[in-house]
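Everything below concerns the one structure shown next.
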Amino acid sequence: MTHFALRDGILHVENVALEDIAARFGTPCYVYSRATLADAYLAYRQALEGVNAQVCYAVKANSNLAILNLFADFGAGFDIVSGGELARVLVAGGDPGKILFSGVGKSRAEMEDGLEVGIRCFNIESASEMEKLNEVAHANGARAPVSLRVNPNIDAKTHPYISTGLRTTKFGVPIEDAHALYRRAAELPGLKITGIDCHIGSQLLDPAPAAEAAAKVVELADELAADGIMVEHLDLGGGMGISYREDKVPTVAEYLAPVLAVLKGRNEQLMFEPGRSMVGNAGLLLTRVETLKHGAEKNFAVVDAAMNDLMRPALYDAWHDIVKVSRGDTPSETQTYDIVGPICESGDFLGQARSLALAEGDLLAVMSAGAYGMAMSSNYNSRPRAAEVMVDGADIHLIRRREEVTELFAAESLLP
Ligand SMILES: *Cc1c(COP(=O)(O)O)cnc(C)c1O
């Protein structure tokens, strides 16, 4: 994370001191580095140099318009999972022709919206959804471009909540059933078969399961071709992990090499749907210590960010490094703290048993919070959502202002 560094004991994002951001925009606040986002996209482009491939950023990881706009300008496509994400991508200048629509429960309205703007492909996740999309397209005089999301029954060996490639998950169709379903799709007048799709999980650090999945996708493509069903693209999904606390994680090139080896010489265009690896290390959550509670059993540092701002520790027991933003004015000794938020839940923690020298008022940075951070935030406990700031060199851009409390209940009404 070269664009996040201590200078004279003060944590900077690119050329901006985090203290200055806290002073201007308050806390909690998400802070992103534009250069790190650019590096992440470039890493994919370089790893895919000379390969007919399209990178479709998975919007759900972080859907801020400024971030989508940045990736759209770079030429990225987008993987979306809702009509809301479709609207965001279009407003942010995304090319509809590079949009993939994933998700197990697309509504008819969402299907119509996708058809109307001419998205690249619907990733179909069940036989029933396939019939529904056919009806919707046919009724609208259209042919919907489709891939079937196949489930290769591979254990991605990640957290069970983010493992999606096993038979027991709700995602995709069993790969054994795929051929019959493709045959059915080929008969439906509202569908045009364009690809095969697969996504086995998230925060994957070992490329072997991804390469294994790619091999199964290739096998299916050949089987379909032998049956006269040709596909234009192979979509290998996303899932590449990032460094949260691991010492050594593969680079994008290292991760993709075994996958690309399996796909070498194919005529189909390759699609990738990275989310976390595009944005995760590019953002942090800036928060201030409100209260220190020293107890017989435990010490708590209560900060002004909480599980509603960053849910990953509570939801997945995820680890985020937590560092002091500056040495601080008040001398303090190093102690072991649970870093917790003000929310009324025991699961409301950002980190546990962290060795830190803290004083009330200190600023902390919760690192690697760019993915599934703000995107998963909520208003639980009627907490307005955090501001988001993008740093570009020495420039600071507010890309989402802090919510106002009145906005939280603006859609509600009193009984008459
Ligand atoms: C979530 C998701 C992705 C992105 O996963 P990451 O682990 O963030 O790279 C890609 N494709 C689909 C279908 C997804 O659901």
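The values are calculated or read from the model by the stated rules, or taken from the named source; none is laboratory data. Note that this is a predicted model, so its numbers are computed, not measured. Positions of Cβ are generated from backbone atoms using ideal geometry, with glycine treated the same way; all protein chains shown enter the neighbour counts. With ligands, DNA and RNA removed, areas are computed over all heavy atoms of the protein, side chains included. Shrake-Rupley method; radii C 1.70, N 1.55, O 1.52, S 1.80 Å.
Below are the figures for this structure:
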{"read-out": "Leu181 being out of contact with any Cys (no Cβ under 9 Å at 6 or more places or on another chain) and closer than 25 Å to Tyr372 by Cβ", "value": "no"}
{"read-out": "Pairs where the first residue, in the stretch 69-84, is within 19 Å of Leu42 (Cβ to Cβ) and the second is open to solvent by less than 20 Å² (accessible area, probe 1.4 Å) and more than 15 Å from the ligand (Cβ to nearest atom), C-beta under 6 Å, 6+ apart", "value": "Asn69/Ala92; Ala72/Ala92; Ala72/Gly94; Phe78/Gly94"}
{"read-out": "Matching option when the condition is touching a strand residue (DSSP E or B) at 6+ places or on another chain (Cβ under 8 Å) and open to solvent by 10 Å² or more (accessible area, probe 1.4 Å), among Phe78, Phe25, Phe74, Phe101", "value": "Phe25"}
{"read-out": "Hits in the stretch 279-296 (condition: within 16 Å of the ligand (Cβ to nearest atom) and either part of a loop (DSSP other than H, G, I, E, B) or within 12 Å of Tyr372 (Cβ to Cβ) (or both))", "value": "Val279, Gly280, Gly283"}
{"read-out": "Some residue of the stretch 203-215 being out of contact with any Ser or Thr (no Cβ under 9 Å at 6 or more places or on another chain), open to solvent by 40 Å² or more (accessible area, probe 1.4 Å) and either of a type in the set (Lys, Arg) or without any contact (Cβ under 8 Å) to a residue 40 or more places away in the chain (or both)", "value": "no"}
{"read-out": "Enumeration of residues in the stretch 83-100 that are touching a helix residue (DSSP H, G or I) at 6+ places or on another chain (Cβ under 8 Å), farther than 15 Å from Val55 by Cα, in a helix (DSSP H, G or I) and of a type outside the set (A, V, I, L, M, F, W, C)", "value": "Gly83, Glu85, Arg88"}
{"read-out": "Filter pass, Glu187 being farther than 16 Å from Ile124 by Cα and more than 22 Å from the chain's Cα centre (by Cα)", "value": "no"}
{"read-out": "Counted residues, the stretch 199-255 - those being within 16 Å of the ligand (Cβ to nearest atom) and not in a helix (DSSP H, G or I)", "value": "25"}
{"read-out": "Where a residue in the stretch 93-109 is more than 15 Å from Ile119 (Cα to Cα) and its partner, wherever it lies, is within 16 Å of the ligand (Cβ to nearest atom) and open to solvent by less than 10 Å² (accessible area, probe 1.4 Å), with Cβ under 6 Å and at least six apart", "value": "Val104/Glu125"}
{"read-out": "Qualifying residue in the stretch 30-53 (condition: open to solvent by 20 Å² or more (accessible area, probe 1.4 Å), in the same structural domain as Gly361 (by TED's automatic domain parsing), touching a residue at least 24 places away in the same chain (Cβ under 8 Å) and not in a helix (DSSP H, G or I))", "value": "no"}
{"read-out": "Condition check for Glu268: among the charged types (D, E, K, R), more than 16 Å from the ligand (Cβ to nearest atom) and under 26 Å from Arg149 (Cβ atoms)", "value": "yes"}
{"read-out": "Subset of the stretch 54-65 that is within 16 Å of the ligand (Cβ to nearest atom) and assigned to a helix (DSSP H, G or I) - its residue that is nearest to Gly93 (Cα to Cα)", "value": "Val59"}
{"read-out": "Members of the stretch 104-131 that are within 16 Å of the ligand (Cβ to nearest atom) and either open to solvent by 60 Å² or more (accessible area, probe 1.4 Å) or part of a loop (DSSP other than H, G, I, E, B) (or both)", "value": "Val104, Gly105, Lys106, Ile119, Arg120, Glu125, Ser126"}
{"read-out": "Residue that is surrounded by 15 or more Cβ atoms within 10 Å (Cβ to Cβ), within 14 Å of the ligand (Cβ to nearest atom) and modelled with pLDDT of 95 or more, where the choices are Pro258, Pro274", "value": "Pro274"}
{"read-out": "Selection within the stretch 191-247 - more than 23 Å from Ala137 (Cβ to Cβ) and of a type in the set (Lys, Arg)", "value": "Lys216, Arg245"}
